[in-house]
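Written out below as structure tokens is the structure these notes cover.
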Amino acid sequence: MFIDTRQLGPLTKVDTTVCIVGGGVAGLTIALEMERLGIATCLLESGGFHADDATRDLYRGSDLGLPYRFADGCRSRYLGGSSNCWGGWCRPLDPWDFQQRRWIPHSGWPFGLETLAPYYLRAHAVLQLGPYNYAPQYWVDAIGRVDVRRLPLRSGKVRDTISQFSAPVRFGSAYRQDLQRARQVRVYLWANVTHLAATRPARQLERIEARTLCGRQLQVRARYYVLAAGGIENARLLLAADDVQPGGLGNGNDLVGRYFMDHPRLLSGQLTLQPGWRRNKLYDIKYHYQNSAVAAGATKIAAQLALSEATQASEGLLNARVWLASTFPGEGSAAAAALFRYKQAALSKDQPGWQPLADALLMARHPLDTLGYGMTRLLQPRWLVREVRFQAIVEPQPDPDSRVTLAAGERDALGMRRVQVDWRLGSNVQRTFDRTLAIIGAELERDGVAKVTLGPALEGGPWPSSLEPEGTWHHMGTTRMHQSPRHGVADADCRVHGIGNLYLAGSSLFPTAGANFPTITLTALALRLANHLAAEVRRPVASAGRRDPIPSPH
């Protein structure tokens with residue numbers, strides 16, 4: 001059921017078994033599991049059913065490192081969270097993304113892919129994906145089109161990989177009826193968490209305090225608490241709770257907020273495709289993104305190029321994914337940008353400040369750019385393509401100096417200190433861009449797919465200005481998992497080290513990010529955490545907080 005916290009009395013006190021902070025993908029996944037398992041739960045969501053400027057303002061902060069936008073349009077502070085601005089890309093991490101790689105400092109998860117695999121399978125149902133199969137040949141055979149075919153990739157240095165697309169599922173609308181009918185889950189809307197109150201010493205959380213923008217107060221006491229507020233806000237809430245533990249809860253080793261990661265993305269190089277490959281849709285983002293022509297049944301897919309595990313190891317590289325990206329007539333124009341915003345609106349994507357009428361007038365004033373870009377995307381005539389480039393995203397290397405902190409003096413409308421993000425990318429990220437594109441380019445030339453002209457090298461120079469808007473807004477790593485509290489904020493069960501009843505959910509837990517999209521992995525982690533919480537709830541109260549193995553999901 002939903003409760004409008006603004007309509008409650010001046011101070012409301014709630015008792016429950018599980019309290020979840022944040023109504024995004026991770027938080028709602030756990031809440032729906034708690035409902036299925038019959039566990040009393042309350043979920044605190046900052047916003048309502050739709051975006052509003054006053055609530056959105058609570059997300060704003062400043063960037064200290066690489067230019068980085070992380071508020072408007074990058075995070076959505078209303079029911080559904082990041083799913084409201086999600087493109088739908090889904091692919092599990094590669095097996096070696098979980099491993100400690102000797103050439104990548106601070107790499108390695110506390111468990112391997114085999115631990116998360118059953119939850120990846122369950123995440124397919126939550127995200128409304130197709131079969132749990134990411135073999136390229138399976139999908140090419142299932143699609144059965146002459147313009148959807150695999151590249152030869154004969155050397156073994158380069159591989160092709162598959163991503164599936166969710167619709168995308170907007171959790172706040174897709175699961176609203178389930179939450180409305182819920183008997184065990186209460187969702188408090190407009191409830192902004194302002195304080196995590198811990199015991200002295202900080203070994204248990206006693207309550208969570210929340211406020212509305214109109215001054216109503218809420219206090220929640222629970223057996224177990226889960227912070228699922230996102231890769232930046234999870235760190236912010238812990239850092240702000242510094243009245244009992246200096247520096248914030250879980251921050252005895254100064255790790256909360258560190259290791260902030262996002263996937264950098266770049267366009268680079270030029271390709272001249274050979275005639276036999278010019279119409280292939282499988283690898284080109286302009287042709288495969290949410291395209292029913294690149295689909296089997298109801299499942300839309302896309303292929304990317306990547307280096308093999310052996311090549312990454314021999315070269316000492318991070319993981320990366322590479323697409324082709326055609327450039328259409330009118331691309332880069334204001335009219336094309338307006339048309340793209342209309343497409344995003346059709347996908348129900350959150351676009352703060354979007355003005356449909358102004359965009360319609362803009363397109364009408366520039367009909368050639370509008371028609372050139374729109375018709376090329378719609379009809380896909382290859383002869384109108386101006387050029388083809390590489391588009392690449394690279395795994396960020398974990399860096400303790402890339403971090404989220406609290407601003408000294410700036411506070412939001414609730415009196416909470418605003419965040420500062422210092423996003424840093426090391427030289428191995430630059431080298432991975434350079435070498436990955438060079439190896440893939442050589443492969444495409446060797447196999448007669450394209451003539452390739454590489455872009456300027458990045459290693460050793462400043463980051464290009466094109467990176468400014470081109471983070472992928474995958475906020476990860478700020479409360480990373482590790483078996484030791486000296487190297488991580490949470491343990492393998494997602495429990496904050498040293499605090500028996502406080503858990504974390506979402507991509508803030510990721511020790512490394514791979515080069516894949518985080519939503520399916522954070523959903524799998526949330527399902528695993530829900531399974532663990534259910535087991536903990538069913539233990540006698542006196543033994544709560546024991547660190548026993550997670551039972552099988554079957």
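Output yes when any residue across the stretch 355-378 is assigned to a loop (DSSP other than H, G, I, E, B) and under 26 Å from the mean Cα position of the chain (by Cα), and no when none is. Checking the stretch 355-378: not a single residue is assigned to a loop (DSSP other than H, G, I, E, B) and under 26 Å from the mean Cα position of the chain (by Cα).
The set of residues in the stretch 119-134 that are more than 18 Å from the chain's Cα centre (by Cα) and aromatic (Phe, Trp, Tyr) comprises Tyr132, Tyr134.
Consider the stretch 406-432 and keep the residues that are touching an Asp or Glu at 6+ places or on another chain (Cβ under 7 Å) and either of a type in the set (S, T, N, Q) or part of a helix (DSSP H, G or I) (or both). The one that is nearest to Gly332 (Cα to Cα) is Gln430. Just one of the listed residues (Ala295, Ala303, Ala310, Ala360) is out of contact with any Asp or Glu (no Cβ under 9 Å at 6 or more places or on another chain) and buried (at least 19 other Cβ atoms within 10 Å of the Cβ), namely Ala295.
Filter the stretch 459-503 down to residues that are part of a strand (DSSP E or B) and out of contact with any Gly (no Cβ under 7 Å at 6 or more places or on another chain) and give me whichever is modelled with the lowest pLDDT.
Gly471
Looking at the structure I just gave you, is Ala364 at pLDDT 90 or above and of a type in the set (A, V, I, L, M)? Here the answer is no, as Ala364 does not meet what is asked.
Criterion first (farther than 28 Å from Leu151 by Cβ and crowded, with 22+ Cβ neighbours inside 10 Å) does Gly330 satisfy it? When the stated conditions are applied, Gly330 passes them.
Here is a check on your reading of the model: is Tyr138 part of a loop (DSSP other than H, G, I, E, B) and of a type in the set (Ser, Thr, Tyr)? Taking the combined requirement at face value, the residue does not satisfy it. The set of residues in the stretch 149-175 being within 19 Å of Trp86 (Cβ to Cβ) and part of a loop (DSSP other than H, G, I, E, B) consists of Ser166, Ala167, Pro168, Val169, Arg170, Tyr175.
Restricting Arg200, Arg154 to residues that are over 23 Å from Arg528 (Cα atoms), touching a residue at least 60 places away in the same chain (Cβ under 8 Å) and surrounded by fewer than 21 Cβ atoms within 10 Å (Cβ to Cβ) narrows the list to Arg154. Kindly indicate whether any position in the stretch 415-425 is surrounded by fewer than 17 Cβ atoms within 10 Å (Cβ to Cβ), under 30 Å from Ala240 (Cα atoms) and out of contact with any helix residue (DSSP H, G or I) (no Cβ under 7 Å at 6 or more places or on another chain). Yes, there is a match, as at least one residue in the stretch 415-425 is surrounded by fewer than 17 Cβ atoms within 10 Å (Cβ to Cβ), under 30 Å from Ala240 (Cα atoms) and out of contact with any helix residue (DSSP H, G or I) (no Cβ under 7 Å at 6 or more places or on another chain). Scanning the stretch 288-333 for residues that are more than 24 Å from Ser166 (Cα to Cα), at pLDDT below 95 and in contact with a Lys or Arg (Cβ under 9 Å, 6 or more places away or on another chain) gives Thr327, Phe328, Pro329, Glu331.
Kindly indicate whether Glu315 is out of contact with any strand residue (DSSP E or B) (no Cβ under 6 Å at 6 or more places or on another chain), buried (at least 18 other Cβ atoms within 10 Å of the Cβ) and closer than 30 Å to Gly156 by Cα.
Judged against the criteria, Glu315 is not a match.
Applying a threshold of 7 Å to beta carbon distances and a minimum spacing of six or more residues, or different chains, the list of pairs starting in the stretch 235-259 at a residue that is closer than 19 Å to Thr194 by Cβ and ending at one that is of a type in the set (Asp, Glu) and part of a loop (DSSP other than H, G, I, E, B) reads Gly247/Asp254; Gly248/Asp242. Go through the residues of the stretch 298-308 one by one and say whether even a single one is in a loop (DSSP other than H, G, I, E, B) and closer than 24 Å to Trp96 by Cβ. Yes: the stretch 298-308 contains one or more residues that are in a loop (DSSP other than H, G, I, E, B) and closer than 24 Å to Trp96 by Cβ. Taking the stretch 1-91 and the strands (runs of 3 or more DSSP E) fully enclosed by it, the elements with 3 or more residues that are of a type outside the set (Val, Ile, Thr) and either surrounded by fewer than 16 Cβ atoms within 10 Å (Cβ to Cβ) or at pLDDT 95 or above (or both) are at 11-21, 41-44.
The values are calculated or read from the model by the stated rules, or taken from the named source; none is laboratory data. The structure displayed is predicted, hence computed values, not measured ones. Cβ: placed from backbone, ideal geometry, glycine included. Neighbour counts: every protein chain shown.
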